[in-house]
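The values are calculated or read from the model by the stated rules, or taken from the named source; none is laboratory data. Just so it is clear, the structure is predicted and the values come from calculations on it, not from any experiment. Reconstructed Cβ throughout: ideal geometry from the backbone, glycine too, with neighbour counts over all protein chains shown. In case anyone asks, the SASA skips ligands and DNA or RNA and just uses the protein heavy atoms, side chains included. Shrake-Rupley method; radii C 1.70, N 1.55, O 1.52, S 1.80 Å.
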Amino acid sequence: MPAVGFVQAKGLPVAVLNMRANFWQSMSSARRRNIRRKRKKASALRFEVLLGLPEPFPQLVHNLYIKIRDRSKIQFERLDLSYFRSTANISQYVLAYLGEKLVGFVQLFQKDKKIVAQYIGFDDAYNRAHGIYFALAIRVVDLAIELECEQIELGETHYEFKKALGCVLEDTSVYFRHRNPWVHRIMSWFSFVFEPSEEELR
């Protein structure tokens, strides 16, 4: 990437899961037990896979996204409802229900044999009791197996669980340039403050 005039800083790594034959069976016995415990905890959840996002789902999904985005320690961009509507025709969604109530989602993009898990949202009021976040991640892996995909990009944050699934962390970079040359020079001297902390890499 010819980023002339930009300063490069280390970004949050992306967790990438390379699929292998007999994926779940290939895990160590301790990790398989952990996955079984998480599946059991989420046994009251029902999952649905949607191609696209018909009404009234965009608003429901956006509500769950905002719940998680606004309370997250790591703040990414704040998407509005139009994002979910405009990307509906190129997306798949894994939806999690508790009874008839939508309590979680993952937005997925698939190209050839690769899946990218883009955005996630869930109702935190039910997460502790049912492990919605982990259940959604496990269901995405199940879906990748069903679709015979070779790789899943599971995004940033929650690295400990993703590494337990077998993910490798791929480095990313952030490039910045300030319009004011003096401010830009100062920012370049202190570019390390923009890099992720040890806590954010857990």
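What the table below lists for this structure:
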| quantity | calculated |
| --- | --- |
| Cα gyration tensor category, rounded, prolate or oblate, for the stretch 1-118 with a/c compared to 1.5 | oblate |
| Crossing angle, helix 29-41 versus the chain [Cα axis fit, 0-90 degrees, rounded to tens] | 70 |
| For the stretch 96-102, 3J(HN,Hα) per residue [Karplus equation, 6.51 cos²θ - 1.76 cosθ + 1.60, θ = phi - 60°, Hz, x = Gly/Pro] | 10, 10, 10, x, 9, 8, 6 |
| Carbon plus sulfur fraction of accessible area for the chain, probe 1.4 Å, in percent | 53 |
| Within the stretch 1-108, trypsin sites (Lys or Arg not before Pro) in DSSP loop having at most 15 other beta-carbon neighbours inside 10 Å | 20, 73, 78 |
| In order through the stretch 46-52: 3J(HN,Hα) via Karplus (6.51 cos²θ - 1.76 cosθ + 1.60), integer Hz, x for Gly, Pro | 10, 10, 9, 10, 10, 8, x |
| Listed candidates (1) 1.13; (2) 1.81; (3) 1.29 - label of the one calculated as Cα Rg over 2.2 N^0.38 Å | (1) |
| Chymotrypsin sites (Phe, Trp or Tyr not before Pro) within the stretch 74-158, DSSP loop, no more than 15 other Cβ atoms inside 10 Å | 76 |
| Principal semi-axes in Å for the stretch 1-56 [√(5λ), Cα gyration tensor, largest first] | 35, 23, 13 |
| Residues of the chain: accessible area per residue with a 1.4 Å probe, Å² | 60 |
